[in-house]
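Here's a structure for you.
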Amino acid sequence: MRISAARYALSGCVAAALLSGCGSTSQPALGSERGESWMLSEAKSAALLYVATGDNVYVLSYPNGKLVGNLGVAGNNLCSDRNGDIFVPTGGYAILEYAHGGTKPIQTLFGGDIPLGCAVDPTTGNLAVTQEGSGAGEVAIFSNAQGTPTWYRDPDIYTYGLCGYDDSGNLFVDGNGTGNYLAELPKGNNTFRNYSLDNNFDVYGAVQWDGKRITLSNPSSYQIYRLKFGKTSFKVIGTTPVDGWHNSYSGHWPYIQTWLQSGTFIAQSSSLAQLGLWHYPRGGSARRVLSPFNYGTVNIYGVTVSIAPGR
């Protein structure tokens, strides 16, 4: 089954539509864009790849790439937790949470500003969301991914990018302000520790734990850096070149979020919204290309993998 994907069109004016009810299990007609959500029954027990294109969040089986549903909402950067729940920052002020294979939000969270990227602390279940404010942005952290968040600001960062936790619950975010930074919020602290980024690094690359190291993806050079941190600086201790990684990175929002999953790097591989699966950390050419969409130019702004609970 193939479904067309429209060009990116995401703004705060669609917030009301994003929060409207959706939950039909019927499949929409081919060629439809954002509409009612649907999901094949087989999705409940399968590993799933969620793909945000701006007009919708599509759901594919992983790693086979069969289209098994969509959420019927516009989203950008995505994240997931160990229970298989998916978090979708929307074009309004909401972060929608979905159960694995679900078609209706099980929770709607509000951080007070426009959400950009998100990550879940594997040690606590806390949800971190980078946000864009009318003035300086901030990071909102929801304890156990519920309720009202606590807001954290770095005085040197004005605009935040993406974020990721390591296996100890330390949060890393990138952004710029008085300079370009990769900042760490150590677990249990309320003050950021800043590491300067020079011109070799994109300010708003994806930040993710690969099982051993915090990584920073670099869309403009098509590389992934593995980082080792000291007290005041960090070193690049490994680089993964990604041949055929296609992205629309322009140095500002929307950011290009990618995903690392158990030795696989996942990102867009062509202007036709094909998804590439690359060996990580080896890199090189894609070992597999998924093509669930009809031909047409589309950008992929977020991906995450959700493992079915109990698997």
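Laboratory data are not the source of any read-out in this text; all were calculated from the coordinates shown. The structure presented is a predicted model; accordingly, all values stated were derived computationally and were not measured. Please note: Cβ atoms are built from the backbone with ideal geometry, for glycine as well, and neighbour counts cover all protein chains shown.
Of all trypsin sites (Lys or Arg not before Pro) in the stretch 191-284, which ones are in loop regions per DSSP and have a Cβ with at most 15 other Cβ atoms within 10 Å?
Lys212, Lys231, Arg282
Can you compute the charge dipole magnitude of the stretch 212-311 about its Cα centre, using +1 on each Lys and Arg Cβ and -1 on each Asp and Glu Cβ, nothing else charged? Give it in debye, rounded to the nearest 20.
The dipole magnitude comes to about 560 debye.
What does the extension gain come out to for Arg82 and Ile237, with contour length at 0.36 nm per residue minus their alpha carbon separation?
53.0 nm
For a Förster distance of 35 Å, can you work out the FRET efficiency between the beta-carbons of Asn200 and Ile106, rounded to the nearest 0.05?
0.25
In whole Hz, what ³J(HN,Hα) sequence does the stretch 172-182 give by Karplus (6.51, -1.76, 1.60; θ = phi - 60°), x for Gly and Pro?
Values per residue, Gly and Pro as x: 10, 9, 10, x, 9, x, 6, x, 9, 9, 10 Hz.
Note down the relative contact order for the stretch 12-306 as a percent, whole number, built from C-alpha pairs under 8 angstrom at least six residues apart.
Relative contact order comes out at 13 percent.
For the chain, what is the mean residue ellipticity at 222 nm derived from helices alone (per DSSP H run of n ≥ 4: -39500 (n - 2.57); sum divided by total residues; nearest 500 deg cm²/dmol)?
Per the formula, 0 deg cm²/dmol.
Would you kindly state how much longer the chain becomes between Ser250 and Asn64 on full extension, computed as 0.36 nm times their sequence separation minus their alpha carbon distance, in nm to one decimal?
Extra length available between Ser250 and Asn64 comes to 63.9 nm.
What's the FRET efficiency of Ala308 with Ser143 using the Cβ-Cβ distance as r and R₀ = 30 Å, to the nearest 0.05?
Taking R0 as 30 Å, the efficiency between Ala308 and Ser143 is 0.70.
For the peptides 197-206, 92-101, what is the packing order when you average, over each peptide's residues, the other Cβ atoms within 10 Å and list the highest mean first?
92-101, 197-206
Additional query: Which value, in debye to the nearest 20, gives the size of the charge dipole of the stretch 12-306 about its Cα centre, when Lys and Arg are +1 and Asp and Glu are -1 at the Cβ?
740
Could you tally the net charge around Gln107, taking each other residue with its Cβ under 10 Å from the Cβ of Gln107, Lys/Arg +1 and Asp/Glu -1?
-2
Now for a different question. Go through the stretch 46-56 residue by residue and turn each phi into a ³J(HN,Hα) via Karplus (6.51, -1.76, 1.60, θ = phi - 60°); whole Hz please, and just put x for glycine and proline.
So the J values, rounded to whole Hz, are 9, 5, 10, 10, 9, 10, 9, 10, x, 8, 6.
A follow-up question, please. What is the Cα centroid distance between the stretch 40-104 and the stretch 255-272, reported in whole angstrom?
With the stretch 40-104 and the stretch 255-272 each reduced to a Cα centre, they are spaced 15 Å.
Here is a further query. Order these by the 10 Å Cβ neighbour count, fewest first: Phe110, Phe192, Phe142.
Ordered by Cβ neighbours within 10 Å, fewest first: Phe110, Phe192, Phe142.
Positive end of the charge dipole of the chain (Lys, Arg +1 and Asp, Glu -1 on Cβ, about the Cα centre): tell me which of Ala94, Pro122, Val68 has its Cα farthest that way.
Val68
Using the 10 angstrom Cβ neighbour count as an exposure proxy, how do Ile307, Ile114, Ile106 rank, fewest first?
By the 10 Å Cβ count, ascending: Ile106, Ile307, Ile114.
In nm, to one decimal, how far is the Thr150 label point from the Lys212 one, both placed 7 Å along Cα→Cβ?
Roughly 3.3 nm, to one decimal.
List Thr240, Thr232 from most exposed to least, where exposure is judged by having the fewest other Cβ atoms within 10 Å.
Ordered by Cβ neighbours within 10 Å, fewest first: Thr232, Thr240.
Please report how many Lys pairs in the chain have alpha carbons closer than 18 angstrom, counting only residues at least 8 apart along the chain or sitting on separate chains.
Here the count comes out as 7.
Another one. If you consider only alpha-carbon coordinates, what radius of gyration and Dmax does the stretch 93-166 have, in Å?
12.3, 40
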